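The values are calculated or read from the model by the stated rules, or taken from the named source; none is laboratory data. Bear in mind the structure is a predicted one, so any value in this text is a computation, not a measurement. Counting neighbours? That spans all protein chains shown, and the Cβs are built from the backbone with ideal geometry, glycine included.
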Amino acid sequence: MIPLIFLTSISTTEALFAHIGPYFRKLNMDESQEMARICGTLQFPSSQSPPFITPNFIEHLRTRVAKYPWAVSISLNGKNKLGGALISPYHVLTAAHGFLLYTSYYTKCSARGYKGMSEVKELDVSYGGVCIRGVDRKLPNHPFCTQPDVMRNKIRSVRVDVDFGRQHCNKGHDWAIVELEERVNFTEKVRPICLPYAGMKIGELLQVAGWGRTYVMSDSSPLLHEATMVHAPHCPRPENDFFPSKAPDMLCAVSQNTTDYWAPRTCHGDSGSGMQQRDADGRARLIALTSFGTPGCPADELARFTKIEPYLSEICQETGICYTLPDSTLSNNIPFRGKL
Ligand SMILES: *[C@@H]1O[C@H](CO)[C@@H](O)[C@H](O)[C@H]1NC(C)=O
Ligand SMILES: *[C@@H]1O[C@H](CO)[C@@H](O)[C@H](O)[C@H]1NC(C)=O
């Protein structure tokens, strides 16, 4: 999550995506169909009351990964920078703003362009666990994270929606596709999330899972956190919030209790993290990606997310993941056939 920034110097060509790295490997139709079959399924119960420090607490933490097997952390030197959502064995959806180079970050979105491959290669992509690191002398620790329990991968290539920069970072388009170096092996802990289908109704309660701050002072937690956010279709901004909220692809949401300082909500570091909703079959669908909110993440923050539905055809073109498109030969509604 970042404050709003204004971009001044990105060239305006007609390309849809800025390319960092080589051409993507695309899924073929069979692989896309396989994604439709396995995506968003769960091996564990999805609703558990969250007991706080009790013997069940550790168990509760363990179920988090089972609830969000698509969640990834994109980190630099062990420190989470961006979240993301796994949608295929190669592809992760995340926010665009992590891949721009800003000359000034907090006051003005003045960017020099996009990050280069050498910078992108330094990032680690972690998934399949809840702790992205264990005990660390330099970074904050968490009593539960004595050692990392994630798998790691690297980034091979990135596509950033150029309209994010072209439209001064304030008209939406805050999304990007990351292609991973190594093909991900799906297990019960690592699973792609389903894309939404066109016209899918967005529910009231939406879950976000990421490695951002659990509250504003807790810098860079190693532990996955989750926040249930309440969809706010009319984007009611608190008085201290002057940022835009009306871009066509923006979804607004607030915490479940806007007067409770401790209410779980999205905060710095959650950018790019997926926002999910269960469909009628109980499968997780990726509704949106965390984009930005008020600096400091106050309890009444109106957080903004980038909806996925407007980009289904771009995602299909770039990645070959086409099962949600009506004109595809694949059905939206391929039933889930047993466990993997
Ligand atoms: C997936 O499994 C193959 C075969 O066991 C292994 O070589 C590869 O490294 C695994 N990929 C990842 C990203 O862990
Ligand atoms: C919201 O949080 C405040 C402060 O902790 C509390 O007094 C209030 O009862 C909560 N409201 C609800 C609906 O839980």
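Filter region 173-200 down to residues that are among the aromatic types (Phe, Trp, Tyr) and in contact with a Phe, Trp or Tyr (Cβ under 7 Å, 6 or more places away or on another chain), then give me how many there are. Walk me through it before giving the result.
Let us first name the residues in region 173-200 that are among the aromatic types (Phe, Trp, Tyr), namely 175, 186, 197.
Filter again for in contact with a Phe, Trp or Tyr (Cβ under 7 Å, 6 or more places away or on another chain), leaving 175.
Result for region 173-200: 1.
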- Of 191, 213, which residue is under 19 Å from the mean Cα position of the chain (by Cα), under 30 Å from residue 25 (Cα atoms), basic (Lys, Arg) and part of a loop (DSSP other than H, G, I, E, B)? 191
- Item | Residue check, residue 87 modelled with pLDDT of 95 or more and either surrounded by fewer than 24 Cβ atoms within 10 Å (Cβ to Cβ) or away from ligand 1 (no atom under 16 Å from the Cβ) (or both) | no
- For the subset of region 124-145 comprising residues that are among the hydrophobic types (A, V, I, L, M, F, W, C) and surrounded by 21 or more Cβ atoms within 10 Å (Cβ to Cβ), which member is farthest from residue 159 (Cα to Cα)? 145
- Message: Being in contact with a helix residue (DSSP H, G or I) (Cβ under 7 Å, 6 or more places away or on another chain) and not aliphatic (A, V, I, L, M) is the filter here; which residues of region 72-96 pass it?
- Response: 81, 88, 91
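Residues that are over 28 Å from residue 287 (Cβ atoms): list the strands (runs of 3 or more DSSP E) wholly contained in region 94-187 that include at least 3 such residues. Write out each step before concluding.
On the way: elements: 100-104, 110-114, 124-127, 151-161, 176-180.
So the answer is 100-104, 110-114.
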- In this structure, is residue 115 basic (Lys, Arg) and in contact (Cβ under 8 Å) with a residue 60 or more places away in the chain? yes
- Query: Pick from region 113-162 the residues that are over 28 Å from residue 103 (Cα atoms) and among the hydrophobic types (A, V, I, L, M, F, W, C): which of them is nearest to ligand 2 (Cβ to nearest atom)?
  - Reply: 144
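Taking residue 226 as the residue in question, decide whether it is within 16 Å of ligand 2 (Cβ to nearest atom), more than 24 Å from residue 120 (Cβ to Cβ) and modelled with pLDDT of 90 or more.
Details: within 16 Å of ligand 2 (Cβ to nearest atom): no; more than 24 Å from residue 120 (Cβ to Cβ): yes; modelled with pLDDT of 90 or more: yes.
Considered against the rule, which asks whether it is within 16 Å of ligand 2 (Cβ to nearest atom), more than 24 Å from residue 120 (Cβ to Cβ) and modelled with pLDDT of 90 or more, residue 226 comes out as no.
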- Filter region 268-284 for residues that are more than 9 Å from the chain's Cα centre (by Cα) and buried (at least 24 other Cβ atoms within 10 Å of the Cβ); the one that is modelled with the lowest pLDDT is 269
- The lone exception for residue 41 - which of (1) polar (S, T, N, Q); (2) closer than 25 Å to residue 95 by Cβ; (3) modelled with pLDDT of 70 or more it fails: (2)
- Task: Name every residue in region 188-212 that is touching a residue at least 60 places away in the same chain (Cβ under 8 Å) and either within 16 Å of ligand 1 (Cβ to nearest atom) or acidic (Asp, Glu) (or both), in order of residue number.
- Result: 188, 189, 190, 191, 192
- Assuming residue 256 fulfils every condition listed in (1) within 16 Å of ligand 2 (Cβ to nearest atom); (2) in contact with a Cys (Cβ under 8 Å, 6 or more places away or on another chain) apart from one, which condition is it? (2)
- Filtering region 246-262 down to residues that are surrounded by fewer than 16 Cβ atoms within 10 Å (Cβ to Cβ) and of a type in the set (A, V, I, L, M, F, W, C) yields 262
